[in-house]
Amino acid sequence: YLSSAASDVYKRQTVHAIVDPATPASDFYNPEPGFRLVAVDVTHVNTGTTTINGFLPGSWTDAVSTKGFVFTRVLNDITEGVRRPTDPFTPGSTTRAWDVFEIPIGTQIAKISVELIGGDPTHWMVP
């Protein structure tokens, strides 16, 4: 898992699984032509004393290709589970959700990079 601290905001994250390709929840969430969805199952824990408002910007999760291209999260819904909420994230709260990426077909993901509030990025290597 990852931990990070910035003033009185603390957050911990654990990556459980990566699904490639992920299945769009409906035609509305289909990726652009030539792309596929990749999803990462992550548990988020607010271990601090401060509510994180607008939880989505509370950390940055990226998928990084074997060629070094960086892909940021998209707001596509998938059948594998719910994507990360944007509700306030209160102290003691835990949520398990999916971060979803739109990746070009044929591009191999090498790692998932997570940067927490006030912390340096940490990487999970993709087998």
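If I go through segment 87-101 residue by residue, how many of them are small (Gly, Ala, Ser) and either on the phi > 0 side of the Ramachandran plot or part of a strand (DSSP E or B) (or both)? Reasoning before the result, please.
Of segment 87-101, the ones small (Gly, Ala, Ser) are 92-93, 97.
When the remaining residues are screened for being either on the phi > 0 side of the Ramachandran plot or part of a strand (DSSP E or B) (or both), the result is 92, 97.
Residues meeting the conditions: 2.
Name every residue in segment 93-127 that is of a type in the set (Val, Ile, Thr), modelled with pLDDT under 90 and over 13 Å from residue 43 (Cβ atoms), in order of residue number.
112, 117, 122, 126, listed by residue number.
Which pairs have Cβ atoms under 8 Å, sit 6 or more apart or on different chains, and link a residue in segment 16-35 that is in contact (Cβ under 8 Å) with a residue 60 or more places away in the chain and farther than 18 Å from residue 96 by Cα to one that is open to solvent by 50 Å² or more (accessible area, probe 1.4 Å) and of a type outside the set (Asp, Glu)?
Here the result reads 34/105; 35/105, each pair linking segment 16-35 to a residue that is open to solvent by 50 Å² or more (accessible area, probe 1.4 Å) and of a type outside the set (Asp, Glu).
Hey, among 81, 68, which residue is open to solvent by less than 30 Å² (accessible area, probe 1.4 Å) and either of a type in the set (Gly, Ala, Ser) or modelled with pLDDT under 85 (or both)?
Working: 68 fails: open to solvent by less than 30 Å² (accessible area, probe 1.4 Å).
Among 81, 68, only 81 is open to solvent by less than 30 Å² (accessible area, probe 1.4 Å) and either of a type in the set (Gly, Ala, Ser) or modelled with pLDDT under 85 (or both).
The values are calculated or read from the model by the stated rules, or taken from the named source; none is laboratory data. Values in this document were obtained by computation on a predicted structure and should not be read as measured data. Heads up, the Cβs are rebuilt from the backbone with ideal geometry, glycines too, and the neighbour counts pull from every protein chain shown. Heads up: the accessible areas ignore ligands, DNA and RNA and are worked out on the full protein's heavy atoms, side chains in. Shrake-Rupley method; radii C 1.70, N 1.55, O 1.52, S 1.80 Å.
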